[in-house]
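Below is one structure, written out as structure tokens, with a few remarks after it.
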Amino acid sequence: MEYIKVGKLVNTHGIKGEIRILSDFDKKSLVFKSGVNLYIGEHKEKVTIESYRPHKNYDMCIFKEYNYINDVLKFKGKNVFVLRSDLNLNSNEYLESDLIGMKAFYNDNTLGVIEEVVNNNGYKLLLLSNGKYIPYHQEFMGEVDIINGKVNFKNLEGIV
């Protein structure tokens, strides 16, 4: 079982057990919906989303297992995970975290290894092992070969 971090539970909201999750997960629509199981904290306590709504920068959830503020206070500050198998990704789909460790290429030249996905005020960048950044945008993303761990970039004239 592979757990994928989807965010952090930062606070409660109201007295009926609603919680605030701060998340920049790239496939939110697959995770934050009724009936999905989430796993909270280092012990991965399983909860099921009963209701969901976006609110400002937060993803607001109520869990089926808890309906009072005192029940969910123990989760404050904990990371929130989902099982990769619950995402039901197609064979050609990938997560941002899958890119880490892949070799980056442009015009058959090696650029380096992707070390991190950096969120720069809402605009995502890929940090390479040589210290350079590449915009993480579909305009620049060519073929992503998950099996061989390679990413071919396009339209990088003037960037690299």
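The values are calculated or read from the model by the stated rules, or taken from the named source; none is laboratory data. If you're wondering where the values come from, they're calculated on a predicted model, not measured in any experiment. We place every Cβ from the backbone using ideal geometry, glycine too, and count neighbours over all the protein chains shown. Calculation scope for accessible area: heavy atoms of the full protein, side chains included, ligands and nucleic acids excluded. Shrake-Rupley method; radii C 1.70, N 1.55, O 1.52, S 1.80 Å.
Taken one residue at a time, the phi angles of segment 135-146 give Karplus couplings (6.51, -1.76, 1.60, θ = phi - 60°) of x, 8, 9, 4, 4, 9, 7, x, 6, 10, 9, 4 Hz. Gly and Pro are set to x.
Here the relative contact order of the chain, from alpha carbon pairs under 8 Å that lie six or more residues apart, stands at 19 percent. Here the contact order of segment 8-77, divided by its residue count and restricted to Cα pairs under 8 Å and six or more residues apart, works out to 39 percent. Calculated [222 nm] ellipticity per residue, helices only, for the chain: -500 deg cm²/dmol; basis is -39500 (n - 2.57) per DSSP H run with n ≥ 4, divided by all residues, nearest 500.
By accessible area, using a 1.4 Å probe on protein heavy atoms only, segment 50-160 has 43% of its surface on carbon and sulfur. Annotation: amide H-H contacts under 5 Å for Met102 (H modelled 1.01 Å from N, sequence separation of 5 or more, or interchain): Ile114. Backbone geometry of segment 3-20 corresponds, through the Karplus equation with coefficients 6.51, -1.76 and 1.60 at θ = phi - 60°, to 3J(HN,Hα) couplings of 8, 10, 6, 10, x, 9, 7, 9, 5, 9, 8, x, 9, 9, x, 6, 10, 10 Hz, x marking Gly and Pro. At a probe radius of 1.4 angstrom, the accessible area of segment 7-160 per residue rounds to 58 square angstrom.
The distance separating the Cα centre of segment 41-117 from that of segment 8-28 comes to 12 Å.
When 1/r is averaged over all different Cα pairs and the result inverted, which Kirkwood radius in Å belongs to segment 49-160? Value: 16.9 Å, from the Cα pair sum.
3J(HN,Hα) along segment 63-72: 9, 4, 6, 10, 9, 8, 4, 5, 6, 9 Hz, from the Karplus curve 6.51 cos²θ - 1.76 cosθ + 1.60 with θ = phi - 60°, whole Hz, x for Gly and Pro. The trypsin sites (Lys or Arg not before Pro) found in segment 92-144 include none that occupy coil by DSSP while having at most 10 further C-beta atoms within 10 Å.
Separation of the alpha carbons by more than 25 angstrom is noted, of Lys5/Lys103; Lys44/Lys64; Lys46/Lys124; Lys124/Lys154; Lys78/Lys103; Lys56/Lys154, for Lys46/Lys124; Lys78/Lys103; Lys56/Lys154.
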